[in-house]
Every structure is written in C-alpha cells, then in structure tokens.
Amino acid sequence: LGRQAKSAAKPVTIFWNGRAIEAEAGDSAATALHRAGIRRLGCSRKLHRPLGSDLVLGLQAQLDGLPNVRLDRLAVRPGLALSSQNVWPSPGFDLLRLARLIPARWVRGGFEHPKWLPSGSRRFELWERVLRFLAGGGAAVSPARPGVLQSGERLAVDLAIVGGGPAGRRAAIAAAQEGRSVILICRGPSPGRFAAAMGEALPPLPAGIRLLAGWEAVGLYRRGRLLVAAPHDGGPALAIEAGEIALATGRRSLAPLVPGGDLPGVMDLPTAAGLLRDRAIPPGQRAFLIGTSAHDAIATRLRGLGLALAGAAEAGSVIRVLGLDSVRGVALADGKRIACEILIHAGLWRPDPLLSFQASAAGELRLAPGPLPGHIRLCGAAALAPEPIACAKLDDRAFICPCMDVAVAEIRDLAADGETHVEVLKRLSGCGMGPCQGMPCWDYLAAALSHLTGRPPESFGQPSHRGPRGGLTFGQAAGLADLIAPEDPR
Amino acid sequence: VKASVAIIGGGIQGLMLAFCLAERGMKDIAVFDAGYWQGGASGRNGTMVRGGFSSPEWTRFFGYSHRLWLGLSRRLGHNVMYTQRGYAILAESERTAGIIEESLRTQRDCGVASRRLPTPELQRCLPAIDDTRVTAAMIFEDGGTAPHHAVMKGLRAACEAKGVALHYGTVVTGIERAGARAAGVWCGADLISADATVIAAGGHSPAVAGLAGVELEGRPWRLEALASEPMRPVLGPVLALLDRTVYMHQTARGEIVGGCEVQGDFAGATLASDLPVMAHYARHIVEMMPALADLRILRQWAGIIHATADFAPLLGPHPDCRDLWISAGWSYGVMGAPAAGMLLAEAIATGRIDERMAPFAVDRKRQGRLICESAIVVSD
C-alpha cells in the first residue's frame, strides 16, 4: 500500500553540486541522493576519507551558505540546492582529496597539534590560518544570513516519551488510558518507521497525545526534571517539565571495527530498511548482512522488501570491508570474499547513552552514569544491556573515531605509553570530538583499551556525554532564554 | 619521602609553577592532583589571553603574563599554539564605553599595547557583528588564544623533562603542620615532607586550605561554556562583550567556543550543565550576530573555578601559616598562569614578593584592600 502511495507522489527536482536529481516528495535528501546512486556525501576531517551514513560527517552538506546541514533530516523540496563541504577549490575539482594520501600516523594528535607543526607565535600563526580553513569543514556562514530567534515554549506534562517505536507507543497507550497528559518525541518524520519497515505490527497511537515527529530530544537537565526538545527544521524548541519520562530510544547498531567499516555503503539496519521502504536502493546493488542475532528472520524480511542479498554472517566474522570510495565487498575471517555494494549491520546493538547519562551523572569527574532518577524509566530495547564488543583481533588500520581519523594504531601507541584514561585519550587524540560526540567511538575506545590492557571495558568509564550534539541551533536555544530561571542550589 | 616543594593541584597553575621552579634549578618538586590530567578547570576553559584590564593592578600583572605567553613555546620546547589573532572588547552602553576609555588610559600608562577599534575595521574582522549596537570598541592586537590541551601538553612534557614528579589520581588527604609552618602533605598513609607547600587546587582550594587549618577566602563557582559545530573562519579576533558578560572565540578546529554569565548562584560541585547559560548565550549571539542563528550547538560543559570577593587571584604566602603558598582564586587562570608561575617561583625561592604580585595578597579582603576591576566578564 505504501508503495502505491509513493508511486503516485510527484517527482521533485533537487540539485547536488549543481547536478539535477529526481527525488520523490517525502524523501529525505540523503534518501534521494542514494537513489540517484551518489555514494560520497561527506568525508572525514583530516584525511578526507569518504564516510558512510552511519557517521554524521558522512551526512553533512552545505545549503544556502549554511554549513553542516544533515541530509538525513532534511526533507526535499523543489529546487533544493545542496553542495559538498570540506572541498577546495570546488566539489568537482577537490584538491583536498589528496589528503587521503597522507599516512594516518602523520596527522595524529587531535586536529591541530600534530608533532610536525611549527612552534613559536609567528610561524605558527601562518600555519594556523591554513589549519582554520581546513578544519572548518563547511563554509563560513554568510554574514548576510537573516537570523531569527525562535520563541520557544515551556510546558508541563504528566509523561514525556522519547521514541515512537513499539515500546514508546505502549507507554503512550497505558498513560492515555489513565487519563494522563502525554507528549511523544520521535526523530523520524512519523513514529515507528523502523518497526513498520521490518513488518512489525505497531499498536496505533492513542488520540489526544501530543506527537512531535521530526524532533530531537536534545538534553535532559536538572537530574532529569527538564527535557529540552527541538524540531529538526529549526523551528521553536520546547522546555518540557515532565512528571515522568520514558526513554524508549531503542538501540543503535555499531558498524564493525575493521578497516573500511566507515565506507559509504556501510549502513545500519534501520537505514537500510528505510531505503528499501522508499525504493531508494538502485536495482543491481547487492547487499551483505551481518548481525548478532536473528539473521535469518531479518534476511527474509529484507529479501521480501526486494533486496538482493548476497549472504549473511555473524557480526564478528567480517575482518575487512573492501573498497576505496565505497563498499565493493567484504572479507570474512574464513578467507572468503564476497562482492557487494552495501553492508548492512544488525548489531552490535547498544543504546545511545546521552540522555540517561545527562540525567544521572554527577560530581566532578562524570565518567559513568549514576542510578537513574525514580521518575525516569528505560523502555523496550533501550532497557536491554548493551551487547558486549568482542575485539578478538584489533586491526591497526581500523578507525575508532572515523570522523576525526583516530585509528586503532594511535590508541595502541598511546596505551603503550601508559595513557589509558579515556578523558586524557580524548584530549590527546581528538577521539569523539566530531559531530556525533562520542557515539559510538567511545564504546569502541573502551573496547580497544580492554583488548590492549586486559582490563574489563567497564573499568575505563566513558568521557562525559555532552549534548546537544547539533540538535539545537543558536536561534532555537535563544528562544528558551526567559523561560527557565537559573536553579537555586540551596 | 621528601620534596623541596609539594604542589597540590596539577592544573595550569600547578604545572606552570613547577616548571618555573625547575627552571630556576630547583630539584625534587612534586605535584599531586586528585583527578586526571586536564580534568579540572585547566581542561575546560575559554583559553583567551590579553594583556590589559581597567585597573593598574590587573594590567601590570596580566601585561607581564601576556609578554611571557609570547615566548612560552620556546621556553617549554613545545608548541602551546598561542596565536595572536587579536582580542576585541565591545561596549554597547555609555557605562561600558567608559570602561573601555578607562582601560585604554590605564593600559597606555602601564605600557600595554591596545587601541580603539574603528567601525570599518570592526566590520572587517567581525563581519557577522551588528555594529549598530556598538558604542565603543577596543582591540589588543597581540592578544589571542592558546588552546588548553596544547598548553597542558607542553607544560606536562616540559615538567617531566625537568624531573618534576607528577602524581595524578592522588588525593591529598592532609597538610602536615609543624607548629606555625606547613611541613608537607599527606596522601593517605604517606607523608611527603616539603620545605614549601603550595595550594593551587582551583575550586577545591578553600577546602584544601582547611586541611592545614587555615582559611582561604572565596567559594567554588560553576561556569558553563559551549561549542558550535565547526565552520571556516567567521570570527577574526577573540571577542568579549562587556554589557553581556559574554566571551567567545573561534578555535583552530573551527568551532565557536564561548560562554556567558547569568544571574544566579552557581555554587555546587557538579559538572552537569544546565539550560540557562546555553539559552542566554545563544540569545546574545542571535542579537549581536544574527547570521549565526542557524548554526548548531555541538556540546556544552561546565567547569568549576574559585571565585573570590573581587574575582582576582589569591597569590603569595598564606598569612596564617609559614611555608604555605597560595595560587588560587583564579577566574582568568590561563591568562595569568605564566606570570603567576614566574613570580610565585621567585617568591618561594628567594622570599621576594614582586610588586606586580603584591596587590593580590591572600589576606587582602581581611585588610580591606579588595581590587576594583570593572573590565572583567565575570560578575556577581
């Protein structure tokens, strides 16, 4: 039924680096570009390696003089003109791509202080001009852009739910039956899209709840009493005081920590299911599936959605993803090589810790979440334990933090020098300082340290998770200024 | 175990002092820090450096510190990434325009290079700013920033090269008293006796002074800052907005990093951040630089400083305990660290209190000699 509705949708023309692309109304820009066969959208900060859709830097582009626009959260509209960022002098003739030839070990040490930089004020300043240009990625925002303060709103509800999947819906239904006021925040343009694409039966949302679709829950402040949410389209944000909060945020699948694991074409199951639903995987593209459980059921479903699946295997069995600019195949531990253009990962599944960490971590070190306050509960998959990361082999060429080009080898050498504190490693390497702010790099960092030292991964803690991770603009945040008074600590 | 100087706190003050003492040839210097390297305010600050304020006391001290910044990479043998991209201060009212005039006069008298920033030049170096709101502007052309991770990395390496013993993750549980003097520090069951003991423990300094049975004026004070997503340069110099108590700069990484003050009392020992600072800072940005309104905020964090009655540092010997030295009360700690390290090292080694350091005496509140400085962007 969804397909028939889609087929009837009017085509929309958008532009990518000046090239016209036919999109379908309702597409996100990322979906439309994938359907058009465009694989490279964004690249890493230092080495300009092309990145896949699992990584925020693999999804950012420029729009109307504004850098860092997320293509997966941008709905197409006629005439939408997008261009690649972090290119020079132009997207078609990009000399910065030559940075790929630089050995990764030369650009170790954060972005801006590798060992070979000149020291002393004047010489450094000349270098710094180049660095600021390179590091900035997106264009400088045009000074002529009109800026708008988005007047926000403060509201109180009985229950705030984050996540529109089955668990979020069940929480909404139970609360609505008790007559409580409910607000439900979900990231997608409609709630429960992943579950629906996977053929799961979704209970209908009850009438009378306030649904915020295409919104991000960006922060949980004051021991979880104050939830801030903002729409992806830049409109007014909300400061929500909720009697109870249900975090039904599910889990995210981590791409394998192997060389090539960050290439365009590597994608998590929800992304792949969404592309299939929107018929955005071009015919002829073969896929390989890896995961931690229920491969067979997932494979059957994906084939049913029309995917040419070349095979499936345990997540740990991939030792390398092949390809230079995008996926061309996978190499498995048993020596087999399988040609494919897409690698779908369905596990390791791990929850995103941002909101529960913000609500519970206290004190002056904040290296681990505390116990959740009584009014906050985790629902559904978000409540499941994170799947353990087994690093049987740790390939020096794999990138722990692909956006900032932090490879296993860099962490291995720092650990060999005795640096195993995650906050110190973050400062020395820049690991987790990119636009995803450490999800999932810090999980991999702890796993790699565990492998290198023999200590359990939990013993390393995690650097503090810090919002709002790009979920809020200055204009949106400004609109909340007079709504919430500073807290009186006494 | 014996140390010549035991320094409590391995932040920028503790490490700079240790380096300056070692530079003078002193041996057996030990630094103790309860947290991790760069875990305190030295790993989470504005990183901004200028040489002048409106009062002669601050201007003489920070003017000296700024000159030391210019040669710090050479002294340490490591790139601290100090960049003289300029430091602009903007006023939007008659009152703050007066502060700028007063500052320029003081700085001229103290030999610190600063000048008015004419509107065309302001538009050129800060193209996004709404200059119709600006009533007066000044710039320190050789002011700038030094990223804390680079500074701390250089300091740590230089200290280690000079044989300073750095003990992170080591809690000082007591300060040994021998009659009227401080005689070393206790770390659990271990006594490290020392000829001189220094408290440079940031927001913890008053509590650490309590271990020696003496008082230190001030209290822990939480500040928050945030960073935008990166982009190519749009802010030339570092920027301070006096009327709004806002400060910001664009890092070498492309992020616009800054913060502001909001009314309220931010005592408390948590690094969890809150909404008001982010929201007010964002509003200041949207009002002053409307073009940045659609930029996204990447992360927000908090740090804890030691706020004194006049927001000036407490620097020198403790009046109530011999051989106990203080480098605390910092709200402009990165800016002042090179001077504090040099002058305190001189005082510890020779007993001489330099006249640039003297106004920041630890007991100035008791003596009724608080310093009146109006060109700072922290306020009660």
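Residue by residue, segment B:243-252 carries 3J(HN,Hα) couplings of 5, 9, 6, 10, 9, 6, 7, 9, 6, 4 Hz when phi is fed to the Karplus relation 6.51 cos²θ - 1.76 cosθ + 1.60 (θ = phi - 60°); x denotes Gly or Pro.
When the Gaussian network model of chain B links Cα atoms closer than 10 Å, the mean-square fluctuations of B:His306, B:His204, B:His280 top out at B:His280. The charge dipole of segment A:46-93, taken about the Cα centre with unit charges on the Cβ atoms of Lys, Arg (+1) and Asp, Glu (-1), comes to about 60 debye, rounded to the nearest 20. From the square roots a ≥ b ≥ c of the eigenvalues of the alpha-carbon gyration tensor of chain A, which class results: rounded (a/c under 1.5), prolate (a/b over b/c), or oblate? Rounded, since a/c falls under 1.5. Peptide B:252-260 is shielded by partner chain Cβ atoms: per residue, an average of 5 of them sit within 10 Å of its Cβ.
Taking every DSSP bridge with both residues inside the protein assembly as shown, close to 60 percent are antiparallel. Kindly list the residues of segment A:324-345 that lie in the label zone of A:Ala392, defined by a backbone N under 12 Å from the point 7 Å along the Cα-to-C-beta vector. Label zone hits: A:332-335.
For segment A:279-333, a crude dipole built from +1 on the beta carbon of Lys and Arg and -1 on the beta carbon of Asp and Glu, taken about the Cα centre, is about 180 debye to the nearest 20. Of the options A:Ala140, A:Gly188, A:Leu159, report the single residue whose Cα projects farthest towards the positive end of the charge dipole of segment A:90-217 (beta-carbon charges: Lys, Arg +1; Asp, Glu -1). So the residue furthest toward the plus end is A:Ala140.
In plain terms, the C-alpha convex hull of the protein assembly as shown casts an average shadow of 35.2 nm² when viewed from every direction. For segment A:166-273, GluC sites (Glu not before Pro) meeting the loop criterion (DSSP other than H, G, I, E, B) and having at most 11 other Cβ atoms within 10 Å: A:Glu178.
Look at the stretch A:356-365: the mean tally of other chain Cβ atoms within 10 Å of its residues' Cβ atoms is 4. Modelled this way, with points 7 Å down the Cα-to-C-beta line, the labels at B:Arg181 and A:Ala201 are 8.4 nm from one another. The share of Cα pairs per 5 Å bin across segment A:423-490, counted from zero up to the longest distance, runs 3, 14, 19, 16, 12, 10, 12, 8, 4, 2, 0 percent.
Taking the Cα atoms of chain B, the ratio Rg/Rh between the radius of gyration and the Kirkwood radius comes to 0.97. Dipole magnitude for chain A: computed about the Cα centre from +1 point charges on Lys and Arg Cβ and -1 point charges on Asp and Glu Cβ, it is near 820 debye. Contact order for segment B:207-269, expressed relative to its length and based on alpha carbon pairs under 8 Å spaced 6+ residues apart, stands at 36 percent.
Scanning residues 5 or more positions from A:Ala23 or on other chains, those with amide H under 5 Å from its amide H are A:Val12, A:Thr13, A:Ile14, with H placed 1.01 Å from N in the peptide plane. Taking all protein chains as shown and a probe of 1.4 angstrom, A:Ser317 keeps an accessible surface of around 30 Å². Dividing the mean sequence gap of close Cα pairs (under 8 Å, 6+ apart) by how many residues segment B:138-295 holds gives a relative contact order of 14 percent. Separation of the alpha carbons by more than 24 angstrom is noted, of A:Lys426/B:Lys153; A:Lys46/A:Lys336; A:Lys336/A:Lys393, for A:Lys46/A:Lys336. Across segment B:336-348, coupling constants 3J(HN,Hα) worked out from phi with the 6.51/-1.76/1.60 Karplus curve, θ = phi - 60°, read x, 4, x, 5, 4, x, 5, 6, 6, 4, 4, 5, 5 Hz, and Gly and Pro carry x. Its relative contact order, with pairs defined as Cα atoms under 8 Å and 6+ residues apart, puts segment B:79-185 at 37 percent. Within 10 Å of the Cβ of each residue in B:227-240, the mean number of Cβ atoms contributed by other protein chains is 5. Amide H to amide H distances under 5 Å link B:Ala307 with B:Arg219, B:Trp221, where only residues 5 or more positions off or on other chains count and H is placed in the peptide plane.
When chains B and A come together, the accessible area they lose, probed at 1.4 Å and totalled over both chains, is close to 6600 Å².
Within the same chain, lysines fewer than 8 places from B:Lys2 are excluded, and of the rest, those with a Cα less than 18 Å from its Cα are B:Lys27, B:Lys162. Ordered from highest to lowest accessible area with the whole protein assembly present and a 1.4 Å probe, B:Thr132, B:Thr106, B:Thr119 read as B:Thr132, B:Thr119, B:Thr106. Working note: Debye formula, equal point scatterers on the alpha-carbon atoms of segment B:332-380, no solvent; log10 I(q)/I(0) at q = 0.15, 0.25 Å⁻¹ is -0.51, -1.09. Of all the options B:Ala240, B:Ala312, B:Ala113, the one that moves most in a Gaussian network model of chain B with Cα springs shorter than 10 angstrom is B:Ala113.
Could you tell me how many degrees, from 0 to 90 and to the nearest 10, lie between the Cα long axis of helix B:94-110 and the main elongation axis, the longest principal axis, of the Cα atoms of chain B? Helix B:94-110 and the main axis of chain B meet at about 50 degrees.
Remark: segment B:32-42, residue by residue, has Karplus-estimated 3J(HN,Hα) of 10, 9, 6, x, 9, 4, 6, x, x, 4, 5 Hz, where x stands for each Gly or Pro and the curve is 6.51 cos²θ - 1.76 cosθ + 1.60 at θ = phi - 60°. Excluding ligands, DNA and RNA, the accessible surface per residue across the protein assembly as shown is 36 Å² with a 1.4 Å probe.
The values are calculated or read from the model by the stated rules, or taken from the named source; none is laboratory data. Note that the coordinates shown come from a computational prediction; the quantities given were computed from them, not determined experimentally. With ideal geometry, Cβ positions are generated from the backbone for all residues, glycine too; neighbour counts draw on all protein chains shown. SASA here: full protein model, heavy atoms, side chains in, ligands and nucleic acids out. Shrake-Rupley method; radii C 1.70, N 1.55, O 1.52, S 1.80 Å.
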